[in-house]
1. Report yes if some residue within segment 131-149 is assigned to a strand (DSSP E or B) and either of a type in the set (Ser, Thr, Tyr) or over 13 Å from Ala101 (Cα atoms) (or both); otherwise report no.
2. Can you find a residue that is modelled with pLDDT of 90 or more and closer than 26 Å to Leu77 by Cβ anywhere in segment 185-197?
3. Tell me whether segment 175-182 contains one or more residues that are over 22 Å from His143 (Cα atoms) and not hydroxyl-bearing (Ser, Thr, Tyr).
4. So Asp17 fits all but one of (1) in contact with an Asp or Glu (Cβ under 9 Å, 6 or more places away or on another chain); (2) touching a residue at least 60 places away in the same chain (Cβ under 8 Å); what number is the exception?
5. Does at least one position in segment 192-205 carry a residue that is within 30 Å of Ile22 (Cα to Cα) and either assigned to a helix (DSSP H, G or I) or under 13 Å from the mean Cα position of the chain (by Cα) (or both)?
6. Hey, any hits in segment 31-39 for a residue that's under 19 Å from Ser206 (Cβ atoms) and not in a helix (DSSP H, G or I)?
7. Could you please find all residues in segment 19-30 being assigned to a helix (DSSP H, G or I) and modelled with pLDDT under 80?
8. Taking segment 123-155 as the search range and keeping residues that are of a type in the set (D, E, K, R) and in contact (Cβ under 8 Å) with a residue 12 or more places away in the chain, which one is surrounded by the most Cβ atoms within 10 Å (Cβ to Cβ)?
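The values are calculated or read from the model by the stated rules, or taken from the named source; none is laboratory data. Predicted, not measured: the structure shown is a model, and the values here were computed from it. Cβ: placed from backbone, ideal geometry, glycine included. Neighbour counts: every protein chain shown.
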Amino acid sequence: MMLRILLFIVGLILFADGLFLIAQKKIHLGTIIPFILGAILAVYTFFLPRFHSFLKQHSILKKVWCITYLGFSAWLLSLLAFFAYLHTHIKDASVQPNTQAIIILGSGIIQGKASPTLALRLNRGAEIATQVPQAWIVVTGGHDFGEVKTEAEVMSEYLQSQHHIPTQRILLEDQSTSTELNLKNSLVVLKQHDLGLESKIAIVTSDFHTLRAEAIAHKQGYQNATLYSASTPLMTRYNAWLREYFAYLSGWLLNEY
């Protein structure tokens, strides 16, 4: 009985977590999966006795359920293994004094403002920028759904208002909608300022994202890119890491790295 109650509570937490973030227009696998799993787990534990009684009367469905359960368990183990691997491979480094440009990867805006995750990336980028005043700062991201300003514009405004970085240092890459395009389009912007793949580039992103961002940068030919990590807000950390699990797999399947 106690295990059943515990599983029901876990299901409600997952459901509420996904629902809250979806209501904030954070609609991706990192929020949809907990929402669906939470709903299934809550309903399953609530009707547990009836469900098992039903399965006893239908042997084929019972076998299907066992196979599904084993498949889910295997997926959950792969997810935990990925989280452990990601945790031990987070990229960060000391600031290189000869850095020529800083690329800050986008992470979404909410009603014209930087999301908490994006704000932490911008704070980390600004911290680096103060140590290398000669470096250009490239902010990246196009239009999010339902937003008037591009993500790059919002990022630029944040750096100016929160960190007093002069607009002359900030370059806008305002067309991209993915990490792959962030880096690809940033190169076009950098070339307009006589910088290229061989230049000393700092790439700033969230801790969980550094591994994939580095792989994509390497695939695109960035020769002297150094990854710098920003922390992830505690409230969205689980969802962000879950989303990264699927993004990492899809990136591999789509040959992004």
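1. Here is the first cut: in segment 131-149, the ones assigned to a strand (DSSP E or B) are 136-140, 143.
Imposing the further condition that a residue be either of a type in the set (Ser, Thr, Tyr) or over 13 Å from Ala101 (Cα atoms) (or both) reduces the set to 140, 143.
Yes: segment 131-149 contains one or more residues that are assigned to a strand (DSSP E or B) and either of a type in the set (Ser, Thr, Tyr) or over 13 Å from Ala101 (Cα atoms) (or both).
2. Step one: of segment 185-197, the residues modelled with pLDDT of 90 or more are 185-197.
When the remaining residues are screened for being closer than 26 Å to Leu77 by Cβ, the result is none.
Scanning segment 185-197 turns up no residue that is modelled with pLDDT of 90 or more and closer than 26 Å to Leu77 by Cβ.
3. Let us first name the residues in segment 175-182 that are over 22 Å from His143 (Cα atoms), namely none.
No - not one qualifying residue is present in segment 175-182.
4. Failed condition: (1).
5. Of the residues in segment 192-205, the ones within 30 Å of Ile22 (Cα to Cα) are 203-205.
Remaining after also requiring either assigned to a helix (DSSP H, G or I) or under 13 Å from the mean Cα position of the chain (by Cα) (or both): 204-205.
The answer is yes, given that some residue of segment 192-205 is within 30 Å of Ile22 (Cα to Cα) and either assigned to a helix (DSSP H, G or I) or under 13 Å from the mean Cα position of the chain (by Cα) (or both).
6. no
7. The answer is Phe20, Leu21, Ile22, Ala23, Leu29, Gly30.
8. Of segment 123-155, the ones of a type in the set (D, E, K, R) are 124, 127, 144, 147, 149, 151, 153.
This time we only want the ones that are in contact (Cβ under 8 Å) with a residue 12 or more places away in the chain, so: 124, 144, 147, 149, 151, 153.
On the way: Arg124: 22, Asp144: 19, Glu147: 19, Lys149: 16, Glu151: 28, Glu153: 19.
Here the residue is Glu151.
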